[in-house]
1. State whether the residues of segment 69-82 include one that is at positive phi, open to solvent by 70 Å² or more (accessible area, probe 1.4 Å) and not polar (S, T, N, Q).
2. Determine, yes or no, whether Ile154 is away from ligand 3 (no atom under 16 Å from the Cβ) and under 21 Å from Asn14 (Cβ atoms).
3. Just a yes or no: is a residue in segment 109-132 buried (at least 19 other Cβ atoms within 10 Å of the Cβ), among the β-branched types (Val, Ile, Thr) and either more than 14 Å from ligand 2 (Cβ to nearest atom) or free of Cβ contacts under 8 Å to residues at least 12 places away in the same chain (or both)?
4. Does Arg92 satisfy the criteria of being of a type in the set (D, E, K, R), crowded, with 16+ Cβ neighbours inside 10 Å and either part of a loop (DSSP other than H, G, I, E, B) or out of contact with any Lys or Arg (no Cβ under 9 Å at 6 or more places or on another chain) (or both)?
5. Find all pairs meeting these conditions: Cβ atoms under 6 angstrom apart; at least six residues apart or on different chains; first residue within segment 83-105 and at pLDDT 95 or above; second residue away from ligand 1 (no atom under 12 Å from the Cβ) and open to solvent by 90 Å² or more (accessible area, probe 1.4 Å).
6. Checking Ser106 against (1) within 15 Å of ligand 2 (Cβ to nearest atom); (2) within 18 Å of His136 (Cα to Cα); (3) open to solvent by less than 20 Å² (accessible area, probe 1.4 Å), which single condition isn't satisfied?
7. Regarding segment 123-143, can at least one residue be identified that is among the acidic types (Asp, Glu), at pLDDT 95 or above and within 27 Å of Leu70 (Cα to Cα)?
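The values are calculated or read from the model by the stated rules, or taken from the named source; none is laboratory data. Please read all numbers here as calculations on a predicted model, not as lab measurements. All Cβ positions, even for glycine, are placed from backbone atoms using ideal geometry, and neighbour counts span all protein chains on display. When the accessible area is computed, the model is the full protein with side chains, heavy atoms only, and any ligands, DNA or RNA have been set aside. Shrake-Rupley method; radii C 1.70, N 1.55, O 1.52, S 1.80 Å.
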Amino acid sequence: MPKAYLGLGGNIGNPKDNIQEALRLLQSGGTIKVTKLSSFYETAPVGYEQQDWFVNAVTEIETTLPPYDLLALCNAVEQQLKRVRLIRWGPRTIDIDILLYEGFESTEEKLIVPHPRMIERAFVIVPLMEIAPDLHIKGQSIKQIAEGIHNQEIRKQEDD
Ligand code: X6L
Ligand code: MG
Ligand code: MG
């Protein structure tokens, strides 16, 4: 079954609860199985800075869904968690991004895979490296990618 990696994040309400609820909803139809989940990370906002810190995590899944059906499901779960778009790059209850999908690359604007900005973002690369330390993205090891990211605040969340 194809493997994929999803990035999840949010900064409205209880973002950790929202990520866990999103994972439950993603799996509820039986087409996705979560096989790995990173720690939860508190991360400084990137892109638009006048907002609260985010909680981010990355998950490895196995799925029978082809890429565009997986995208549709991710968008449907964002809607179920009441994602509203007011400010570009602004606060949200949940964001679910397809980072990588095994055997699939696309530059179509609706679904760019690998995710175009993932290799610049600590909030993606740090949790991804935790669950997939041997991964390569476009020929570069994830460890090399991580060494190229600087000055992005990220803290592993304490257990509660
Ligand atoms: C120049 C211009 C440099 C724009 C960077 C970076 C824009 C990231 C958007 C950028 C630029 C984004 C999250 C976030 C967002 C998240 C944290 C985005 C889209 N999502 N910050 N900012 N976590 N920490 O999930 O990623 S908005
Ligand atoms: Mg995103
Ligand atoms: Mg998104």
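1. yes
2. yes
3. So far as segment 109-132 goes, yes, one or more of its residues are buried (at least 19 other Cβ atoms within 10 Å of the Cβ), among the β-branched types (Val, Ile, Thr) and either more than 14 Å from ligand 2 (Cβ to nearest atom) or free of Cβ contacts under 8 Å to residues at least 12 places away in the same chain (or both).
4. yes
5. Cβ pairs passing all conditions: Thr93/Lys82.
6. Status for Ser106: all satisfied but (1).
7. Yes, segment 123-143 contains a residue that is among the acidic types (Asp, Glu), at pLDDT 95 or above and within 27 Å of Leu70 (Cα to Cα).
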